[in-house]
Amino acid sequence: MGFLSASFGLTRYRVIGEADEQLWEKIPDLLKEFSFQEIDDVVEEISFGWVCFDNMLDTKWITSSPFKGEYVCFSLRIDKRKIPPAVFKKYYQLALQEMSSPVEQGLKFIPRAKKQEIKENLRLKLLKRILPVPSTTDIIWSYSKNIVYLSTTNRSTKGIFEDLFQSTFNLKITLINPYELGKSLENKFHLSLDKYETNIFC
């Protein structure tokens, strides 16, 4: 789900420290350097990287610039392949049946190492037959305010985003929770949130 959807989850981050003065000009090249790479023709379970905010297939930002006024807008694309457990179980049993009997090989049972080899070969074989499922998550970066908005609350997606953002821009980010957000408004409204603390959970 993205920011242009009727509804979406929202996670906010604060950028720690000051960005390099030349970073603004480097952003397009950095996004391309860490852009998404297709895995349709290779046996990989997951691939992720940046894509254009307006076109998930655009990794060169030809459709539109990442700059929207004072904001930087781009998306995180994640493609995943997943073998359904029931499918794997079925073909694993078939693979075991196709083997010659352990007794014929002078064995009482199939060794664990052999079973592991069969499972790995089967996993690679099935992955080749499964198309990766794509998903995108939008990012809006308020460069002047050092705030980043992510259009999801999914834990695994947030983890991928946090690591990739830091690798791409060499900037650390921290989650903005409701209490921190409230504390940031104290000076603006001349309030002290701590005086409203209650003991209802004690």
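Some observations on this one:
- Using R0 = 35 Å, the C-beta based FRET efficiency linking residue 38 and residue 147 works out to 0.65.
- Chain lengthening between residue 88 and residue 131 when straightened (0.36 nm per residue, less Cα-Cα): 13.9 nm
- Calculated FRET efficiency, residue 186 to residue 164, Cβ-Cβ distance, R0 = 30 Å: about 0.35 to the nearest 0.05.
- In order along the range 62-70, the phi-based Karplus estimate (6.51 cos²θ - 1.76 cosθ + 1.60, θ = phi - 60°) of 3J(HN,Hα) comes to 7, 4, 7, 6, x, 8, 10, x, 8 Hz; Gly and Pro are listed as x.
- q = 0.14, 0.20, 0.23 Å⁻¹, the range 1-84: log10 I(q)/I(0) [Debye, one scatterer per Cα]: -0.61, -1.09, -1.25
- For the chain, calculated [θ]222 nm from helices alone, where every DSSP H run of n ≥ 4 adds -39500 (n - 2.57): -10000 deg cm²/dmol
- Karplus-derived HN-Hα couplings along the range 32-37 (A = 6.51, B = -1.76, C = 1.60, θ = phi - 60°), whole Hz, x at Gly and Pro: 5, 5, 10, 6, 5, 10
- Kirkwood Rh, Cα atoms: Rg over Rh of the range 28-71: 1.04
- Relative contact order of the chain, defined on C-alpha pairs under 8 angstrom at six or more residues apart (%): 32 percent
- With the simple model of a label 7 Å out from the Cα in the direction of the Cβ, residue 114 to residue 30 spans 5.4 nm.
- Once exposed loop trypsin sites (Lys or Arg not before Pro) are cut out (DSSP; at most 15 other Cβ, 10 Å), longest piece of the chain: 1-59
- Phi to ³J(HN,Hα) by Karplus 6.51 cos²θ - 1.76 cosθ + 1.60 over the range 175-181, Hz, x for Gly, Pro: 5, 9, 8, x, 5, 4, 5
- Cα convex hull of the chain, projected area averaged across orientations, nm²: 19.1 nm²
- Using R0 = 22 Å, the C-beta based FRET efficiency linking residue 64 and residue 19 works out to 0.50.
- Stretch in the chain that is longest and holds no GluC sites (Glu not before Pro) that DSSP places in a loop and that have at most 11 other beta carbons within 10 Å: 105-196
- Amide H partners (placed H, <5 Å) of residue 81, local residues excluded: 46, 133
Quick note: the coordinates plus some simple rules give every number you see, no bench work behind them. Note that the structure is a prediction, hence the values are computed from the model and not measured. Every residue, glycine among them, receives a Cβ derived from its backbone with ideal geometry; neighbour counts consider all protein chains shown.
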